[in-house]
């Protein structure tokens, strides 16, 4: 399992897609968050780029779980940030806790992938 630059790019695109999904949902359906086209545009572009990566090359073993974790991390990061900015939406304890757990899991899996290639 060789870690390539494509794997890092895929993980970053999944993170951006997660941020964009939650940002688009908040911009469209939450009255506290001001409307912006940027999350919608970034969602379309990140989904298109992820789709092109999927069509061009197969993912290496273990990557789908990491991509899903990065996507969920993006969703929870945006939720934590928006709840910090607008405290009326409620506490950000759960999103921050889930972000920390997901980030720890991602780091452990990435290190395990890196050590298995040596």
Per the list (1) without any contact (Cβ under 8 Å) to a residue 12 or more places away in the chain; (2) surrounded by 14 or more Cβ atoms within 10 Å (Cβ to Cβ), residue check on residue 77 breaks on (1)
* Asked: Any residue at all in the stretch 4-23 that is free of Cβ contacts under 8 Å to residues at least 40 places away in the same chain, surrounded by 12 or more Cβ atoms within 10 Å (Cβ to Cβ) and outside any loop (DSSP other than H, G, I, E, B)?
  -> no
Meets criteria (in contact with a helix residue (DSSP H, G or I) (Cβ under 8 Å, 6 or more places away or on another chain) and under 13 Å from residue 11 (Cα atoms)) for residue 77: no
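Residue-wise test of (1) under 15 Å from the mean Cα position of the chain (by Cα); (2) within 20 Å of residue 99 (Cβ to Cβ).
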| position | (1), (2) |
| --- | --- |
| 9 | yes, no |
| 20 | yes, yes |
| 23 | yes, yes |
| 27 | no, no |
| 55 | no, no |
| 59 | no, no |
| 63 | yes, no |
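For (1) buried (at least 17 other Cβ atoms within 10 Å of the Cβ); (2) without any contact (Cβ under 8 Å) to a residue 24 or more places away in the chain; (3) not in a helix (DSSP H, G or I), each residue gets a yes or a no:
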{"position": "28", "(1), (2), (3)": "no, yes, no"}
{"position": "32", "(1), (2), (3)": "no, no, yes"}
{"position": "45", "(1), (2), (3)": "no, yes, no"}
{"position": "58", "(1), (2), (3)": "no, yes, yes"}
{"position": "61", "(1), (2), (3)": "no, no, yes"}
{"position": "68", "(1), (2), (3)": "no, no, no"}
{"position": "88", "(1), (2), (3)": "no, no, no"}
{"position": "103", "(1), (2), (3)": "no, no, no"}
{"position": "112", "(1), (2), (3)": "no, yes, no"}
All-but-one check, residue 71 against (1) under 18 Å from residue 18 (Cβ atoms); (2) more than 19 Å from the chain's Cα centre (by Cα), failing number (2)
Note to self: Within the stretch 55-74, does at least one residue satisfy the condition of being in contact with a helix residue (DSSP H, G or I) (Cβ under 6 Å, 6 or more places away or on another chain), over 25 Å from residue 114 (Cβ atoms) and at pLDDT 95 or above?
What the structure shows: no
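The values are calculated or read from the model by the stated rules, or taken from the named source; none is laboratory data. What you are looking at is a predicted structure, and each value in this text was computed from that prediction instead of being measured. Quick reminder, even Gly has a Cβ in these numbers, built from the backbone with ideal geometry, and neighbours come from all protein chains shown.
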